[in-house]
Amino acid sequence: MIAAIRRAGARAGAFALLPLSAIPLLLVGPGLVASHTRFDRRFHSPPYPAAAVTFSAAALARYRPVPAYRDAVPVLVYHGIDDRNDGYSVSREEFARQMAMLDRSGFRAISIAQYLRFRAGDTAGLPERPVLITFDDGRLDSYRGADRVLQQHRQRAVMYVITEPVRHGNAFHLSWQELHRMQASGRWDVQPHAHDGHHLVVRDGAGRTGPFYTNLRFTRSDGLESFADYTRRVAGDIYAVKDDFRSQGFDSQTFAVPYGDRGQAAPAPMRRFLDGLLSSQFAVVFVQRPGNDPSYTTPFGPAERYELHTATTTDDLHRWLVRRDPAEAGS
C-alpha cells in the first residue's frame, strides 16, 4: 500500500514538473525566431528575377515611342514592389509591365545628377525622352522587386531613405551596406527622405493627426508645442538626416518630403520656416500635387511626382505620360 502511494506521488511530482520544463523553451523560442529572421534577412534578400512580360499586338501599337522632348522631365514615385495589395505597393508583375512600357515608348531614366543639372537649366546630354524614377522609404521589397527589372531595361532609379530605421537595423528597410552596393551598381542613386520625421503627430486634443514636418505637436501633458519648439524639432530631423548621409559618404542634394507635404496648406509662418529650411539644405525638394495629376517638371516651378499605387495600371501610367507630354501638347 505504501509503495503504491509512493509511486502515485512520484507520478504526480513528474507531472508537476512539466510546466517548469517548458520554461527554457519559452525563453529560447523568441531568440530562435529572431535568429532565423536575422539569418533570412542576411542570406535570403537578393533581388528577385524580373517577371516575364508579354504585350498584345494592340498594346505594342499603343506603346509606340512618344514624340521626343528635352525641356521637361516626368518624375515617378513608387512605395514598394510586392503583393501586399495595401493601396500603395505595386506588384512585381505590374512594375515589370510598366518598365517594359517605358522602354517600348522610348523613355530613358536619368540619374539624380542629370536631374540636378536639368533643374539648373542645363539639358545637355539628356536623352530624347528623359524620365526620373524614384522610390520612397528605403524599403527592402522595393529593391528586391525592382532591381533586376531596371537592369533588364537599362533603366535606373533613386531610392529615398528614412535613416532612423536603417540605424537600428530594421529588417523592413535596406541596410547601409545594401545601399552602398546599390549605388555602386550604377543603377541606383541614394537620397534622403527623413531621419525620424516620416510619421504623423497628434495635432489637437481630439486626437487628429498630421505630418511631422507641417504640424505643431499636441500632448496631453504640455498641450500644443510652441512655434520655437516646432522649429527645433523639424530642423533637428533635417540636420540628423543630413548628418547620416554625410557619415556614409552619400550626397544629399535632393529631398523627398514625407507625404509630399512641404507646408503648402500650412499657416504662413510655418510655411516660410519650412521653405527656408529645406531650400537652405537641398537643391530640389519633391512634393505631391493633390489629385495626383502633376505636370512634367521643368527647370522652374515645383518638383512634383506622379505617384504609382496598387491600382495604377500600365495603361494608366501611359495615359498620364502621353497626356502630360509637352511634345504631344505642342503637336
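The values are calculated or read from the model by the stated rules, or taken from the named source; none is laboratory data. From a predicted model like this one, the values you see are computed outputs, not experimental measurements. As a convention, Cβ positions derive from the backbone with ideal geometry for all residues, glycine included, and neighbour counts pool all protein chains shown.
When the residues of region 42-77 are filtered to those that are aromatic (Phe, Trp, Tyr) and surrounded by 12 or more Cβ atoms within 10 Å (Cβ to Cβ), the one that is nearest to Met101 (Cα to Cα) is Tyr63. Among the residues that make up region 266-275, is at least one of them in contact (Cβ under 8 Å) with a residue 12 or more places away in the chain and surrounded by fewer than 16 Cβ atoms within 10 Å (Cβ to Cβ)? Looking through region 266-275, at least one residue is in contact (Cβ under 8 Å) with a residue 12 or more places away in the chain and surrounded by fewer than 16 Cβ atoms within 10 Å (Cβ to Cβ).
Annotation: Glu93 fulfils all but one of (1) surrounded by 11 or more Cβ atoms within 10 Å (Cβ to Cβ); (2) among the charged types (D, E, K, R); (3) at pLDDT below 95; the unmet one is (3). Contact annotation: residue pairs with Cβ atoms under 7 Å, 6 or more positions apart or on different chains, pairing a residue in region 165-178 that is touching a residue at least 40 places away in the same chain (Cβ under 8 Å) with a partner that is of a type in the set (D, E, K, R) and surrounded by 14 or more Cβ atoms within 10 Å (Cβ to Cβ), are Ala171/Arg41. The residue that is surrounded by the fewest Cβ atoms within 10 Å (Cβ to Cβ), among those in region 230-248 that are in contact (Cβ under 8 Å) with a residue 24 or more places away in the chain and of a type in the set (D, E, K, R), is Lys242.
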